[in-house]
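Each remark here refers to the structure printed beneath this line.
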Amino acid sequence: MAKLSLPVILVNFKCYLEATGEEALTLAKICEEVAKEKNVNIAVAPQFTDLQKIAQEVSIPVFAQHIDPVKPGSHTGHVLVEAVKSVGVVGTLLNHSERRISDEDVKVCVVRAKENGLITVVCADTPKTCQRLAVFNPDLIAIEPPELIGTGIPVSRAKPEVVTGAVEVVKHVNPNIPVLCGAGISTGADVSAALKLGTKGVLLASGVVKAKNPKKVLVEMAENLVGNLP
Ligand code: G3P
């Protein structure tokens, strides 16, 4: 099973043009550069079509943004976990608010990912959803209130109670599941606040992907990633 060192900054490339094709590779290399320079853990989640090239070119962990609950066979248009594994991916996001799946599909995908040694980061919109999905024993859970996604209003500072609530309920279900938080994270202070609330890192997108200077933002975040764990 692949391992993800914590704390971590997980950059979700989503479908932003700034992180598609050659731009995706450029951004992934910037993430790798900062990870090496600052000796911190940074991982990336590019689009499917960019996974193989990026996984071949960078040494930091590469995640898929989704996989489907299917086994090898006649499933047209689905994403098979063995396929993303074969190109060097170490894990996958699941149930992102922009790619919601049923609880049952989360359960099946977590099993399929584990069977193939892939790390699962299951996304949840509320602490209650965290509690429900933690039962399926994903490797990590990311709490992300959808209403803050893309706003630049950081969940770690705008809704700290949602983050601490998620950390608490997940700890009760399975204390071995680290919690990440996401939505609006765009500065070093947001990262520092997230760690102080008991998370083991952040899941973010626009704050880095759409930044005028992604490297500058990432360096500031990296400098706040260490030394703030409770
Ligand atoms: O997966 C992380 C993402 O949903 C957060 O989006 O743009 O608010 O960092 P953003």
- line: Note: the chain, point scatterers on Cα, Debye, no solvent; log10 I/I(0) at q = 0.07, 0.13, 0.14 Å⁻¹ equals -0.19, -0.68, -0.79
statement: Taking 0.36 nm per residue of separation between Arg132 and Lys216 and subtracting their Cα-Cα distance, the length gained on full extension comes to 26.5 nm
message: Mean-square fluctuation check for the chain, GNM, Cα pairs under 10 Å: which of Thr164, Thr49, Thr120 is largest?
response: Thr49
- line: Which of Ile54, Ile153, Ile119 fluctuates most in a GNM of the chain (C-alpha springs under 10 Å)? That residue is Ile153
field: Size descriptor, Kirkwood hydrodynamic radius, that averages inverse alpha-carbon separations across segment 87-189, Å
entry: 13.7 Å
- request: Work out, step by step, the length gained on full extension between Glu57 and Ala189: first 0.36 nm times the residue separation, then minus their alpha carbon distance; give nm to one decimal.
  value: 44.5 nm
message: Suppose a student asked you for the relative contact order of segment 42-103, using Cα pairs under 8 Å spaced at least 6 residues apart; what percent would you report?
response: 34 percent
- line: Per the rule of 0.36 nm per residue minus the C-alpha distance, extending Lys38 to Glu23 adds in nm 3.2 nm
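Laboratory data are not the source of any read-out in this text; all were calculated from the coordinates shown. Predicted model only: the values in this text are computed from it and were never measured.
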